[in-house]
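The values are calculated or read from the model by the stated rules, or taken from the named source; none is laboratory data. Since this is a predicted model, take the numbers as computed values, not measurements. Note that each Cβ is placed from the backbone with ideal geometry, even for glycine, and that neighbours are counted across all protein chains shown. Each accessible area value is taken on the protein alone, full model and side chains, heavy atoms only, with ligands, DNA and RNA left out. Shrake-Rupley method; radii C 1.70, N 1.55, O 1.52, S 1.80 Å.
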Amino acid sequence: MYTDLFTAIKDSNLFEARSALDLLLEDGVEPWAIHEALFPIIHGVLNPPFINPHLPKMYAINRELVSYMEPEDVALLLRLEVEEYTWREKSHLHAKPISIPTINDFTEVEKAIARADVIATAIALNAFLQAAGSTLLAKKLLLLGSGYLNSSLGHSISCTAFILLEMIYRKDEDPWPVMVSLAEYFCKGNFHQSQLLHYSAISDYPEVYLNDVKRAISGKGIVALHHTITLYAIERSRHFFEHQEYDHALTTWIRMLGDKQESLYPIEEIASYSLPDFDVFFEVFTQYDPILVLNMFKTALSSEKERTRLGRFLIKAVLRCYNGQYNPHFLTGLGALLWILDRFHDHPIIVLNGSLQYLDFFFSNVGHRSIE
């Protein structure tokens, strides 16, 4: 059913990909079913000159976005995905070996990464997965990645976390493409040596944690946005960790923040207009002024129903502004913003400043051509 679409994506043929997608939708195939069918091929989609697997991470985070969306809007998300996966470069497809050895010791993975041997690393990861299970593999890889947050701008946790979360969710799929994608990334980044755990009890003191969240959401630009996305990934993968391991991940994240100071926009200067219908919201959104958009946020925070509606409006607006080539952080950063909205709705200063950080990044980088 999906052969023509898969072939067009692999060949980077936009015309054929669009045509194949249109045929599937005209035949009544559900957009989300098409999204899920893309799993085996998206792990080879690259984003040079960056080594980070941005697109597989975006694919995984889209599962969080779709939970907010109306069914009729899912096709917008799918069309954006297909366009993005198609026009970008692809890595070489490494075939899965006929047999995978048994490996119970994660140091074998680290040794293969140190040799920069992608295939050996992928085989070792797959073997450890088979022997130890997905939860232990995720824990080991995330703790390994936690030692390289400064050099990777957080991606060694954030990309790893969401790619693994999607793999675990998709138990029906062969994990080999995921193993290859992560092997290529860890080898390119030389993320090969696990650290001793650093326990600073940050998670035991809510006020200290909130203060560091406020530092993360302070500032503008891609570096500041990554501070927030990295925390989002740590929290979404928290269930893989024991308490001390979770605190270690937070400690490495705080080290990534460095001496960054809290610098928050005063929420008293933000108006409190009711959330309008989407057409009015989108008209304001496309003025590309973060403060004008924030003026519609405040009153929605106290209601779960309104927060969900706000999340849906934000996703739909970002999709409607699609210009043919999107920075994947437009969607991964949006996922982080929706997490902030859900987690910190009783702290308006955090929600509004986290929103300001994302909206400023989006509006500063997106073109002004929308699609229907």
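Could you identify the single residue in T107, T135, T121 that is open to solvent by 70 Å² or more (accessible area, probe 1.4 Å) and not hydrophobic (A, V, I, L, M, F, W, C)?
Selected residue: T135, the only one of T107, T135, T121 that is open to solvent by 70 Å² or more (accessible area, probe 1.4 Å) and not hydrophobic (A, V, I, L, M, F, W, C).
Pull out all pairs, ordered by first then second residue, where Cβ-Cβ is under 7 Å, the residues are six or more apart or on different chains, the first lies in the range 234-245 and is over 12 Å from K139 (Cβ atoms), and the second is modelled with pLDDT of 95 or more and open to solvent by 30 Å² or more (accessible area, probe 1.4 Å).
Listed by first residue and then by second, the contacts come to R236/L165.
Looking only at the range 292-306, filter to residues that are at pLDDT 95 or above and loosely packed, with under 14 Cβ neighbours inside 10 Å; which one of those is farthest from L210 (Cα to Cα)?
Per the criteria, the residue is K305.
If you check K96 against the conditions, is it basic (K, R) and modelled with pLDDT of 95 or more?
Values: basic (K, R): yes; modelled with pLDDT of 95 or more: no.
No.
As an exercise: evaluate G311 against (1) open to solvent by less than 20 Å² (accessible area, probe 1.4 Å); (2) among the small types (G, A, S); (3) closer than 20 Å to L210 by Cβ and give the number of the one condition it does not meet.
With respect to (1) open to solvent by less than 20 Å² (accessible area, probe 1.4 Å); (2) among the small types (G, A, S); (3) closer than 20 Å to L210 by Cβ, G311 is out only on (3).
Could you please find all residues in the range 144-181 being open to solvent by 30 Å² or more (accessible area, probe 1.4 Å) and more than 24 Å from K96 (Cα to Cα)?
Y148, N150, S151, L153
How many residues are under 16 Å from G354 (Cα atoms), hydroxyl-bearing (S, T, Y) and touching a helix residue (DSSP H, G or I) at 6+ places or on another chain (Cβ under 7 Å) if we restrict to the range 243-271?
1
Here are some residues: I34, I98. Which one is more than 21 Å from the chain's Cα centre (by Cα) and among the aliphatic types (A, V, I, L, M)?
I98
Only one of these is open to solvent by 10 Å² or more (accessible area, probe 1.4 Å), touching a residue at least 60 places away in the same chain (Cβ under 8 Å) and under 30 Å from F15 (Cβ atoms): R343, R320. Name it.
Of R343, R320, the one residue that is open to solvent by 10 Å² or more (accessible area, probe 1.4 Å), touching a residue at least 60 places away in the same chain (Cβ under 8 Å) and under 30 Å from F15 (Cβ atoms) is R320.
Looking at the range 77-94, is at least one residue farther than 21 Å from D4 by Cβ, within 20 Å of the chain's Cα centre (by Cα) and of a type in the set (K, R)?
Within the range 77-94, not a single residue is farther than 21 Å from D4 by Cβ, within 20 Å of the chain's Cα centre (by Cα) and of a type in the set (K, R).
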